[in-house]
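> Would you mind keeping the following structure in view while I ask a few things?
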């Protein structure tokens, strides 16, 4: 039998197809093993193999009655390379009567193959990837029925390989989609949070976002920004829901709070304006009303510290970590959810941050996390933890919270945003000039 | 945390004046629309009372809370009164933080809520 001429471009495409299949898995799995054992039984032959042929090697994918190492060899001398040369079955009734076949080590050496029959495995693109082979150690003939069955088996191998390729492609596509969604979520998240907090003279500010899920955008938000004169506004909150709708709502809430604060920075008025905007946003819509919880505050330099006026709308209490030790809740009692209630009540409360004091704002992902006992951590649990940790400043405070979240592990089931503000313990900043302040 | 306990809602009339919705299971993003539908099916006359019994509630997320707020507004529009019964300690705590304790009348169990609305 003469080796047919090989079109080199077509051969390159064929080898590429072979490599796609070869990259899928390791040989020796159940489906191909069943094909070889069936082929051997149909021919009443001791040996059957499934081989694929790349540019240099004949590679064994399954072998029955033959060790795998004997099943594979150099393409140039292998009997199994010839089946890919043409469509239809190849039969060598006696290998010793065929000079080319006699060069195969399986013929000249172990196991001493004398009879060989093969049907090509034809991929969907028409490329012959390899073959299903049957061998015997004595010369013989093959019946038409047997050869037809061999072709059917080769077609089954094709089907199996196509299926695996399709499955691998699906997995790869899914992985790509998931990576894309994660990238989008992270990008969106970045646009919802300020890239960096501004430098406020005499104040240290730090913020962190602890996402619960990599591919689900949460609705936590925060910001710190200049108001009129030397006052600063800050807020932190959480919108109802997750995903793209929550992200859009978060963006609306953030810009509304900043705009409302420029118009009138009174904290309760800012929250009331946000409430009105959210109600308007929902007017005429049938879906669940958008709502959020938030804390909005105004910082005003006062001596070597700041006065803080804080309004709350249905949000967990802020915590003041005092320089002298001890943690106090700073909670405007009775503030209600924003955007969902008729005539909601917003409340505000004042406190002072002196040198060495820090203020922590957080979302309920932190306080609703479950501790080892199964109970919610709660504001009291957080306050007790911070009292023991006694963080020195805003950055230290965030480190403490980070450690706490890490230690809660599986108990955490939601995103957590934290914003920490602190006044340096011993202020080296220039004295404040505050013409607007009394 | 995955919540897949499902939600069952049972509606019964306790008297001509008071109806009871027993909400059991997880009230979340997926199941909340069913409570909304159930509420649409409750006819409230002026002066009537509706008790939502939450004693068998296993989970309530922000969407669930918004449906409870909607129920309150629905009752208010009808000139009726809504009472919640059997809130567990965690949910009661969340309601306090959200300022919803000022909105809802809440009772330890359905019997006490029904008695208050009679």
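> Just one of B:93, B:30, B:72 is at pLDDT below 90, in contact with a strand residue (DSSP E or B) (Cβ under 9 Å, 6 or more places away or on another chain) and surrounded by 14 or more Cβ atoms within 10 Å (Cβ to Cβ); which is it? Please lay out each step first, then the result.
Numbers: B:93 fails: at pLDDT below 90; B:72 fails: at pLDDT below 90.
Result of the check over B:93, B:30, B:72: B:30.
> Which one is surrounded by the most Cβ atoms within 10 Å (Cβ to Cβ) among residues in the stretch A:265-324 that are on the phi > 0 side of the Ramachandran plot and more than 14 Å from every other protein chain (Cβ to nearest Cβ)?
As a first pass, look at the stretch A:265-324 and keep what is on the phi > 0 side of the Ramachandran plot: A:284, A:303, A:314.
Filter once more, keeping what is more than 14 Å from every other protein chain (Cβ to nearest Cβ): A:284, A:303.
Details: A:284: 6, A:303: 15.
The extreme case among them is A:303.
> Of all residues in the stretch A:350-387, count the ones that are surrounded by fewer than 16 Cβ atoms within 10 Å (Cβ to Cβ), more than 14 Å from every other protein chain (Cβ to nearest Cβ) and touching a helix residue (DSSP H, G or I) at 6+ places or on another chain (Cβ under 9 Å).
1
> Still on this structure, please answer the following. If I ask for residues that are in a helix (DSSP H, G or I), under 55 Å from the mean Cα position of the chain (by Cα) and either under 14 Å from residue A:133 (Cβ atoms) or not assigned by TED's automatic domain parsing to the domain that holds residue A:127 (or both), which ones from the stretch A:86-112 would you list?
Of everything in the stretch A:86-112, those that are in a helix (DSSP H, G or I), under 55 Å from the mean Cα position of the chain (by Cα) and either under 14 Å from residue A:133 (Cβ atoms) or not assigned by TED's automatic domain parsing to the domain that holds residue A:127 (or both) turn out to be A:101, A:106, A:107.
> Residues in the stretch A:349-365: is at least one in a helix (DSSP H, G or I) and farther than 16 Å from residue A:296 by Cα? Talk me through it step by step, then tell me what you get.
Of the stretch A:349-365, the ones in a helix (DSSP H, G or I) are A:364-365.
Subset that is farther than 16 Å from residue A:296 by Cα: A:365.
Yes, because at least one residue in the stretch A:349-365 is in a helix (DSSP H, G or I) and farther than 16 Å from residue A:296 by Cα.
> Only strands (runs of 3 or more DSSP E) wholly contained in the stretch B:16-118 count here; list those with 3 or more residues that are under 27 Å from residue A:279 (Cβ atoms) and away from every other protein chain (no Cβ under 14 Å). Lay out the reasoning, then the answer.
Numbers: elements: B:18-27, B:49-53, B:57-60, B:81-85, B:105-107.
Qualifying strands (runs of 3 or more DSSP E): B:81-85.
> Next up: Quick check: anything in the stretch A:71-78 part of a helix (DSSP H, G or I), modelled with pLDDT under 85 and farther than 23 Å from residue A:126 by Cα? Give the derivation first.
First, pick out the residues of the stretch A:71-78 that are part of a helix (DSSP H, G or I): A:71.
If we keep only those that are modelled with pLDDT under 85 too, we end up with A:71.
So of that shortlist, the ones also farther than 23 Å from residue A:126 by Cα come out as A:71.
So far as the stretch A:71-78 goes, yes, one or more of its residues are part of a helix (DSSP H, G or I), modelled with pLDDT under 85 and farther than 23 Å from residue A:126 by Cα.
> Under the condition of being under 18 Å from the mean Cα position of the chain (by Cα) and buried (at least 16 other Cβ atoms within 10 Å of the Cβ), which residue from the stretch A:216-246 is nearest to residue A:369 (Cα to Cα)? Step through it out loud before you land on a result.
Filtering the stretch A:216-246 for residues under 18 Å from the mean Cα position of the chain (by Cα) gives A:216-218, A:242-244.
When the remaining residues are screened for being buried (at least 16 other Cβ atoms within 10 Å of the Cβ), the result is A:217-218, A:242.
On the way: A:217: 18, A:218: 15, A:242: 17 Å.
The qualifying residue nearest to residue A:369 (Cα to Cα) is A:218.
The values are calculated or read from the model by the stated rules, or taken from the named source; none is laboratory data. As the structure is a computational prediction, the values presented were derived from the model and not from experiment. For neighbour counting, all protein chains shown are included, and Cβ atoms are generated from backbone atoms with ideal geometry for every residue, glycine included.
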